[in-house]
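Novice: Quick one: the structure is below, and I'll ask about it shortly.
The values are calculated or read from the model by the stated rules, or taken from the named source; none is laboratory data. Here the structure is a predicted model, which means the values were calculated and not measured. Reconstructed Cβ throughout: ideal geometry from the backbone, glycine too, with neighbour counts over all protein chains shown.
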Amino acid sequence: MNKFGFCCAVVLGIPLVWLTLAYVHPIATPVLVPRLHPRDPDRAAVAFGALGDMGTGDSAQTQVAHAMYSVCQRDGCDFVLGLGDNIYPHSVQSAHDAQFQAKFEQPYSLFKDIDFWMILGNHDWKKLRTGAQAQIDYTLHSDRWRLPHTHYAIPFLPPWLHIYGVDTSLLEAVVGVGQVHAAQAALCNQPGWRVLFGHYPTRSTGAEGHVSWFVRDTLEYLIRQCHIHVYFAGHDHHQAHLDRGFYQEIIEGAGGAGLSPVRVGDPQQRFESATHGFAWVQVTAERLVIRLYDVQQTVLYAWEMARQSP
């Protein structure tokens, strides 16, 4: 049995209570689409911001938000990827929780007509199914927040770009492996760039804790199977770029929460900085460019690659 087959076999033995906690009601596409800010799928370039571990409501989150807004105003942003831990410290009670205003709407109030495509992090699951469902439901109460399911594909992209978000906390709990099959259907054998985003990195590069072998192996199985070019993650409270050989990993957990030092000595680490900030990404059919910024809008690091087959 291959490694992923073993993972699937383990899932069959998970107690029913965990499966109940994992089940949430997604937002149906006909309900979601009218609320979105659509973009031309035939456009020649796609630009977006990416940041995680931001939902504190503190001044650092606002500083990062304002810096990202300035860069988006100057260089363009079609949307933002939210890489999890959206609401600190223990998620929310309902879609009407005041924390949504203090820890999301107010910090990002400058952003108009733009969708923030969120994914759940470990802090967002602190209230288990209640908190996760509330964050999904909030999609229908906000002009920016978009979280239609625990995993999903981003719509309105050109045919040469495919982006899928996964819930790494459900993988850590050894449930939700069905999302891997959904991601495979959305990404594998698709032309052009294939991008994955989630909360946990494949391996921790800081002090936030060990990433389980199940998360690592499942993510890397998906990345290998679908020839993913870039995986965006948060969780580690700093910024980093790791060259994993068969894919690139960008860690952007510096969106507002307290910073943590970067573990040094990893030969795969091209860049690391315990600095609040965000990533700005521009993709064309031929090239992908990533810049990592601080709150002064200073480019800390820039990297690009040309697309190669497959």
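Novice: Would you say V64 is closer than 21 Å to L170 by Cβ and buried (at least 16 other Cβ atoms within 10 Å of the Cβ)?
Specialist: For V64, the condition - closer than 21 Å to L170 by Cβ and buried (at least 16 other Cβ atoms within 10 Å of the Cβ) - is not met.
Novice: Continuing with this model, one more query. Tell me whether the stretch 258-265 contains one or more residues that are closer than 26 Å to F116 by Cβ and either among the charged types (D, E, K, R) or touching a Phe, Trp or Tyr at 6+ places or on another chain (Cβ under 9 Å) (or both).
Specialist: no
Novice: Is there a residue in the stretch 149-168 that is more than 23 Å from V80 (Cα to Cα) and outside any helix (DSSP H, G or I)?
Specialist: No, every residue in the stretch 149-168 fails to be more than 23 Å from V80 (Cα to Cα) and outside any helix (DSSP H, G or I).
Novice: Run Y200 past the list (1) surrounded by fewer than 21 Cβ atoms within 10 Å (Cβ to Cβ); (2) of a type outside the set (D, E, K, R); (3) touching a strand residue (DSSP E or B) at 6+ places or on another chain (Cβ under 9 Å) and report the number of the one that doesn't hold.
Specialist: The one condition Y200 does not meet is (1).
Novice: Just the residues that are free of Cβ contacts under 8 Å to residues at least 40 places away in the same chain and either out of contact with any Gly (no Cβ under 9 Å at 6 or more places or on another chain) or of a type in the set (F, W, Y) (or both), please, taken from the stretch 260-290.
Specialist: V264, G265, P267, R270, F271, S273, T275, E286, R287, V289
Novice: Test V175 against the stated conditions and say whether it is touching a helix residue (DSSP H, G or I) at 6+ places or on another chain (Cβ under 6 Å), among the aliphatic types (A, V, I, L, M) and at pLDDT 95 or above.
Specialist: In short, no.
Novice: Could you look through the stretch 178-197, keep only residues that are outside any helix (DSSP H, G or I) and either out of contact with any strand residue (DSSP E or B) (no Cβ under 6 Å at 6 or more places or on another chain) or modelled with pLDDT under 95 (or both), and pick out the one that is surrounded by the fewest Cβ atoms within 10 Å (Cβ to Cβ)?
Specialist: N189
Novice: Could you please let me know if A98 is of a type in the set (A, V, I, L, M, F, W, C), exposed (fewer than 14 other Cβ atoms within 10 Å of the Cβ) and either touching a strand residue (DSSP E or B) at 6+ places or on another chain (Cβ under 9 Å) or free of Cβ contacts under 8 Å to residues at least 60 places away in the same chain (or both)?
Specialist: Criteria met by A98.
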